[in-house]
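Mind having a look at this structure? Questions to follow.
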Amino acid sequence: TTTPTALPTDETIAGLLDDGFRACGVDASVLAPDAATGVTLTARSPITGQVLATLAADSPATASAKIGHAAVAFESWRDVPAPVRGQLVARWGQLLAEHKEELAKIVTVEAGKTPSEAAGEVQEMIDICEFALGQSRQLWGKTMPSERPGHRLMETWHPLGVVGVISAFNFPVAVYSWNTALALVAGDAVVWKPSENAVLAALGAQSLLARAAAEVGAPDGLVPVLIGGRDIGDAMVRDDRVALVSATGSVRMGREVGPVVAERFGRVLLELGGNNGAIVAPSADIDLALRGVVFAAAGTAGQRCTTLRRLIVHESIAEAFVERIVAAYRTLSIGSPTEDGVLVGPLISEAAYEAMQEALRQAEDEGGEVLVGGGRVLAEERPDAHYVEPAVVQMPAQTPVMESETFAPILYVVTYSDLDEAIAIHNAVPQGLSSAIFTSDLAEAETFLSRSDCGIANVNIGTSGAEIGGAFGGEKETGGGRESGSDSWKAYMRQATNTINYSGELPLAQGVEFL
Ligand code: NAD
């Protein structure tokens with residue numbers, strides 16, 4: 001039904017990676033396996049399935065040493081005035097702007113994103129650097145009236161320590177910058193454990209930051225990167241020198257990480273899976289809703305935490321609207337994101353493909369009908385790459401398959417008859433990241449905004465594509481953390497309440513008498 005396009009050669013992909021590495025100044029020696037520890041990590045491109053590199057990985061011992069070094073760097077970084085710390089993120093932002101296209105090439109090669117989406121991800125990094133620079137002069141606290149005469153009560157915000165960032169493959173560089181730009185102006189050191197599926201993009205992003213750090217004279221070892229899989233992430237999570245663990249990934253990961261950090265009374269910021277829904281009301285602008293739905297559901301091959309997975313359409317418009325979605329899906333070009341006009345790239349791995357097929361089987365068992373897509377394409381050309389046609393599945397009701405996140409392009413459709421029912425369906429899943437309503441009715445829009453149980457609730461735009469200025473994150477199994485804009489910076493600092501007595505007397509609070 002849809003048109004797969006030709007795939008590039010291994011050499012083309014290797015050339016893109018090389019361009020990116022050179023522009024970002026990644027030390028090519030990282031690609032040589034480390035004879036000393038013998039631990040390696042293999043990087044692949046989902047576009048072709050080819051092996052890109054075999055890297056020296058960290059062992060628990062080298063990870064521990066880097067964390068120790070970051071803890072020492074923190075001791076001097078915390079004393080640099082915040083507006084001066086802002087100069088580090090300002091310089092990082094400039095370098096990212098200069099090398100935007102090249103860093104985006106690594107993201108395309110390793111995460112399979114289209115050049116436009118990969119460049120958009122780097123743009124988000126540039127945006128958060130600008131935001132954090134401004135924030136560096138606004139780490140403010142409140143002053144409160146004291147109940148005692150001649151006293152002042154105020155809050156102050158202080159650097160937290162070493163922040164450990166764990167990130168997922170699908171936003172391999174932007175999520176790092178959301179955390180890091182704010183943590184650095186807050187006065188923290190940042191240890192990064194990127195996804196094992198996106199380690200080369202991580203090296204690109206971190207090399208530019210390391211260059212900026214050297215240029216502004218930041219202490220050595222302030223922003224190390226740990227190369228490795230879950231075991232290295234786990235070593236970092238258990239390390240009590242890491243004051244805050246900010247972890248982005250699946251609910252499964254959050255269930256493992258959360259209790260470990262809680263047990264040592266560390267802080268945790270969790271950004272976990274979503275299972276995002278959109279309601280399309282009878283009064284919706286249908287052309288706009290169509291574009292919003294198709295981008296949110298099929299864009300990035302369904303591999304965004306904010307991807308639209310559940311469409312809740314009013315029964316009076318469902319048939320005609322779903323027909324138009326199906327027609328739009330048939331025009332999506334699937335293939336290598338390096339080719340012009342391709343909108344849907346590969347899934348990250350064979351496991352992701354298998355999970356999608358399993359979900360489709362379960363949906364059919366639960367009474368669903370696949371209206372379009374679901375099949376694999378380009379398998380003969382590249383057996384190790386996994387391209388799929390995005391699927392739309394009409395469901396009889398919100399059945400169990402719709403209650404968990406399958407990280408692939410499947411859009412389940414259910415119908416509703418009144419708004420209360422639609423919102424009840426919407427909220428009846430364990431995750432709570434992003435949500436949307438398409439409507440021209442003000443009362444419906446406001447009702448939805450007040451009752452959606454998600455961290456993000458939109459009107460007349462899809463569930464994906466957040467801006468950095470707002471706080472990003474979700475409720476329930478999504479983990480409750482907030483990153484990026486608004487006052488998310490507070491997560492990277494600790495708050496102190498200070499009482500100053502200039503009265504010359506010692507009155508006690510609540511009128512207590514003593515001595
Ligand atoms: P994943 O959970 O498999 O891995 C994410 C990261 O966690 C990786 O770096 C991995 O090495 C690490 N990790 C896994 N188990 C760990 C453990 N026990 N201890 C320490 N580290 C551990 O996720 P993925 O497949 O890379 O990414 C897709 C998932 O991420 C989806 O569920 C998606 O919704 C979610 N995601 C959420 C957000 C958000 O902001 N809420 C953003 C992007 C992705």
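Go through 408-416, 363-371 and give me the packing order, highest mean Cβ count within 10 Å leading.
Working: 408-416: 24.6, 363-371: 16.2.
Final packing ranking: 408-416, 363-371.
Where the centroid of each part is defined by its Cα atoms, how far is region 3-26 from region 288-367 in Å?
Region 3-26 and region 288-367 have Cα centres separated by 26 Å.
Note down the nm distance, to one decimal, between modelled labels 7 Å out along Cα→Cβ at Arg291 and at Val72.
Modelled inter-label distance: 5.6 nm.
What FRET efficiency comes out for Arg324 versus Glu155 if R0 is 35 angstrom and r is the Cβ-Cβ distance? Round to the nearest 0.05.
With R0 = 35 Å, the Cβ-Cβ based efficiency is 0.10.
Please state the Cα pair-distance histogram of region 358-462 with 10 angstrom bins from zero: what percent is in each bin?
Per 10 Å bin, starting at 0, the Cα pair percentages come out as 13, 37, 32, 13, 4, 0.
Explain nothing, just the number: relative contact order of the chain, from Cα pairs under 8 Å at least 6 residues apart, as a whole percent.
18 percent
Set the Förster distance to 22 Å, then compute FRET efficiency between Ser450 and Ser404 from the Cβ-Cβ distance, nearest 0.05.
0.25
Could you tell me the largest-minus-smallest coordinate of the C-alpha atoms of region 210-291 on each of the three principal axes, in descending order and whole angstroms?
Over region 210-291, Cα extents along the principal axes are 57, 38, 22 Å.
Follow-up. Find the percent of Cα-Cα distances in the chain that exceed 38 Å, and round it to a whole number. Each step should come with its number before you reach the end.
Details: 39833 of 132355 pairs.
Tail of the P(r) past 38 Å holds 30 percent of the pairs.
Let me ask another. What is the distance in Å between the Cα centroid of region 192-238 and that of region 94-134?
For region 192-238 versus region 94-134, the Cα centre distance is 16 Å.
Among the listed pairs Lys193/Lys476; Lys66/Lys490; Lys105/Lys476; Lys100/Lys476; Lys113/Lys490, which have their C-alpha atoms separated by more than 30 angstrom in this model?
Correct reply: Lys105/Lys476; Lys100/Lys476; Lys113/Lys490.
Describe numerically, in nm with one decimal, the distance between label points set 7 Å from Cα along Cα→Cβ at Glu98 and at Arg230.
Taking the simple label geometry, Glu98 and Arg230 are separated by 4.1 nm.
Still on this structure, I have one more. Taking N as the number of residues in region 11-147, what value does Rg over Cα atoms divided by 2.2 N^0.38 Å take?
Dividing the Cα radius of gyration by 2.2 N^0.38 Å gives 1.37.
Given labels modelled 7 Å from the Cα in the Cβ direction, how far is it in nm from Gln138 to Glu339?
4.5 nm
Note the angle between two axes, namely the Cα long axis of helix 318-330 and the longest principal axis of the Cα atoms of the chain, as a number of degrees from 0 to 90, rounded to the nearest 10.
90 degrees
Given the Cα atoms of region 250-327, and with Rh set as the inverse mean 1/r over their pairs in the Kirkwood sense, what is Rg to Rh to two decimals? Walk me through the numbers on the way to the answer.
On the way: Rg = 17.8 Å, Rh = 14.8 Å.
Using Cα coordinates only, the ratio equals 1.20.
Students often check this: by mean Cβ neighbours within 10 Å, which of 72-83, 228-239 ranks highest, and how do the rest follow?
228-239, 72-83
Sticking with this structure for a sec: What is the gain in length, in nm to one decimal, between Asp220 and Thr499 on full extension, counting 0.36 nm per residue of separation less the C-alpha to C-alpha distance?
Gain on extension, Asp220 to Thr499, equals 96.8 nm.
Rule-based calculations on the coordinates, nothing more; no lab input. For clarity, every value in this text was computed on a predicted model and none was experimentally measured. Note: ideal-geometry Cβ built from the backbone for every residue, glycine included; neighbour counts use all protein chains shown.
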